[in-house]
Amino acid sequence: MVNYDVVIIGSGPGGYVAAIRAAQLGLKVAVVERENLGGICLNWGCIPTKSLLKSANVFEYIQHASDYGVSIDGTYNPDFGKMISRSRVVADGMSKGVQFLLKKNKIDTKIGTGKVTGKKTVEVTDLQGAKSELSASHIILATGAPSKELPNLKQDGIKIIGYRQALNLKSKPTSMVIVGSGAIGSEFAYFYHAIGTQVTLVEFLPTIVPLEDEEVSKTLEKSFKKSGMTVLTSSSVESVDTSGNLCKVKIKTPKGEEIHEADVVLSAVGISPNIENLGLEELGIELEKGKIKVDSWYQTNVPGIYAIGDIINTPALAHVASAEGILCVEKIAGLTPTPINYKNIPGCTYTSPEIASVGYTEKAAREAGYDLRIGKFPYTASGKASAAGAKDGFVKLIYDAKYGELLGGHMIGANVTELVAELVVARNLETTGLEMIKSIHPHPTMSEAIMEASAAAYGEVIHL
Ligand SMILES: Cc1cc2nc3c(=O)[nH]c(=O)nc-3n(C[C@H](O)[C@H](O)[C@H](O)COP(=O)(O)OP(=O)(O)OC[C@H]3O[C@@H](n4cnc5c(N)ncnc54)[C@H](O)[C@@H]3O)c2cc1C
């Protein structure tokens, strides 16, 4: 039997990236995967959603073509089936890319279900049920997390659905209730509404995209409502009656109980970790708030067994899973990496307008006791945004008044998911507002809004 340095269970952005980095560092690696290489992210998450969102963007652009001086004769309609099949082709291509990368890095791929059977052994049950055993000096659990089920929102996969079904419906629903308005719920709400489904978005908390800065959340809510979407905040779904043709969704709102009818209900209330049948109990691996408990190097309480990505209590994002995977194997290989600073994790929501943020929200910065200098620059004052016909949005930057350090950045508008990387670097380098103002940004770009928002924080804004 080969003794691997590292065996990784799960090939999502946590697992496959950890595997490649480990191989780069000269370790002998195997990855065990029971479904598609690339995990949820490539197959049923980040990538297919972005493909569908692009289709929605194209459709919206065409609807506004005349604003740009382009007249379109004839009819144009969203072809739902083609949008879905395009997204599947994109996802399959990415999954094949992972297969290529694993092979290129001489990583063994074992297709089957992995289970930890000892401190240094992983049992693999292949798709035909045959069992084999892998021996490993280090075992990394990277099994991810599928969509969470609430007791009053049990998914039947047809009328009450989760993310996977929402990415692969046979036909476009006429109406849809989406429960949960985090990044994923809001992205589906935007997509389905843009292609003509009547969407009702229900959020338990007072604002949609509740993790975002309040001003950003309110702006997205306004934009959704302006486009005709029904948005119910401070509201909760009490029950869903699926006995008739349409689902009857009972929703408790601040104004009282409402019944909304819809073809389908999408539960987008979060995720629950894949920790069943992994052998955790037998080995005494400790959990914390339902997920696997790890130290700063992602080691569980059992030495030699690690966990990364959506199965631990860190932000459930692909780039976080990858960063954790890299750090985990660098530590295993004897390097001295720096622990991840979880205050510098960017978050993006790919609706239209897009949202992107990093660091403290205004509320969190105030609660942390900082005195603030806040600068805001609206897209209405940006030449590039005007030229692009994308004047909805703003950049809001939060600086520490004492030392000038950038504490947080919150943006809504076209292209902000690309702009946010600048703020991540700025946060990592503890960049000050004055340094941001003096960093010359190219004209005309949306990125000038970052320089101008910094200038606004210091009373030096030019274009307002
Ligand atoms: C609809 C949607 C959209 C999203 N969009 C974004 C986005 O835009 N940006 C972003 O950063 N994040 C996004 N996410 C979140 C992102 O997909 C996850 O954070 C990321 O995939 C987590 O990576 P992971 O490696 O921890 O696990 P996963 O990607 O979930 O991979 C885990 C893998 O482990 C396999 N597995 C599980 N158990 C076993 C076992 N016992 N044996 C063998 N294999 C096993 C699974 O089959 C799976 O392939 C989105 C998620 C969803 C659902």
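No lab work stands behind these numbers, since they all come straight from the coordinates. All figures in this text were calculated on a predicted structure; none of them were measured in a lab. Note: ideal-geometry Cβ built from the backbone for every residue, glycine included; neighbour counts use all protein chains shown.
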Checklist outcome for this item: For the chain, the charge dipole (Cβ of Lys, Arg +1; Cβ of Asp, Glu -1; about the Cα centre) points to a positive end, and the Cα of 85, 68, 333 closest to that extreme belongs to 85
Next on the checklist: Suppose the chain between residue 386 and residue 367 were pulled fully straight at 0.36 nm per residue; how much longer would it get relative to their current alpha carbon spacing?
Outcome noted: 3.2 nm
Checklist entry - Placing +1 at every Lys and Arg Cβ and -1 at every Asp and Glu Cβ, with all other atoms neutral, what dipole size does segment 353-457 have around its Cα centre, in debye to the nearest 20? => result 200
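For a footprinting-style exposure proxy, rank 278, 153 by other Cβ within 10 Å, fewest first. Don't skip to the answer; put the middle values down first.
Numbers: 278 23, 153 19.
Ordered by Cβ neighbours within 10 Å, fewest first: 153, 278.
Which shape class applies to the chain: rounded if a/c is under 1.5, otherwise prolate when a/b exceeds b/c and oblate if not, where a ≥ b ≥ c are the square roots of the Cα gyration tensor eigenvalues? Intermediate values should be presented prior to the final figure.
Details: a/c = 1.73, a/b = 1.23, b/c = 1.40.
Verdict is oblate for the chain.
What do the square roots of 5 times the Cα gyration tensor eigenvalues come to for segment 254-394, in whole Å, largest first, as semi-axes of the equivalent ellipsoid?
Numbers: eigenvalues 269, 127, 52 Å².
Computed over segment 254-394, the values are 37, 25, 16 Å.
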Item to check | Distance between modelled label sites at residue 3 and residue 132, nm, 7 Å Cα→Cβ extension | outcome: 2.0
Checklist entry - Which lysines have a Cα less than 22 Å from the Cα of residue 28, not counting those fewer than 8 places away in the same chain? => result 96, 103, 104, 106, 110, 115, 119, 120, 131, 331
Checklist outcome for this item: Plugging the Cβ-Cβ distance of residue 96 and residue 281 into 1/(1 + (r/R0)^6) at R0 = 22 Å yields, to the nearest 0.05, a FRET efficiency of 0.05
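Lys and Arg at +1, Asp and Glu at -1: add these up for the other residues within a Cβ distance under 10 Å of residue 371 and post the number.
Working: positive: 366, 373, 402; negative: 400.
Here the charged neighbours net out to +2.
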Item to check | In Hz, Karplus ³J(HN,Hα) per residue of segment 401-407 (6.51, -1.76, 1.60; θ = phi - 60°; x = Gly, Pro) | outcome: 4, 6, 9, x, 5, 5, 8
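Report, in debye and to the nearest 20, how large the dipole of segment 160-267 comes out about its Cα centre when Lys and Arg carry +1 and Asp and Glu carry -1 on their Cβ. If you can, show how the numbers build up before the last one.
Numbers: 11 positive and 13 negative charges, 69 e Å.
That gives segment 160-267 a dipole magnitude of about 340 debye.
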Checklist entry - Taking other Cβ within 10 Å of each residue's Cβ, how do 288, 330 sort, fewest first? => result 288, 330
Checklist entry - Can you work out ³J(HN,Hα) from phi for every residue in segment 303-312, in order, using Karplus 6.51 cos²θ - 1.76 cosθ + 1.60 and θ = phi - 60°, giving whole Hz and x for Gly and Pro? => result x, x, 10, 10, 9, 9, x, 5, 8, 10
Checklist entry - Under a point-charge model restricted to the Cβ atoms of Lys and Arg (+1) and Asp and Glu (-1), what is the dipole moment magnitude of the chain relative to its Cα centre, in debye to the nearest 20? => result 760
Checklist entry - Can you list the residues, at least 5 places off or on another chain, whose amide H is less than 5 Å from the amide H of residue 110, using H built in the peptide plane? => result 31, 32, 33
Checklist outcome for this item: Residue-ordered couplings for segment 367-375, obtained by feeding phi - 60° into the Karplus form 6.51 cos²θ - 1.76 cosθ + 1.60 and rounding to whole Hz (Gly and Pro as x), are 5, 7, x, 6, 8, 10, 10, 10, x
Next on the checklist: With just the Cα atoms defining each centre, how far is segment 357-416 from segment 180-228? Give it in Å.
Outcome noted: 20
Item to check | FRET efficiency for residue 158 and residue 296, using Cβ-Cβ distance with R0 set to 35 Å, rounded to 0.05 | outcome: 0.20
Checklist entry - In which sequence would 16, 350, 68, 306 go, from the one with the fewest C-beta neighbours within 10 Å to the one with the most? => result 68, 350, 306, 16
Item to check | Dipole-positive endmost among 167, 201, 179 within segment 160-267 (Cβ charges, Cα centre) | outcome: 167
Checklist entry - Rounded to the nearest 0.05, what FRET efficiency is calculated for residue 248 and residue 211 with R0 set to 30 Å and r the Cβ-Cβ distance? => result 0.50
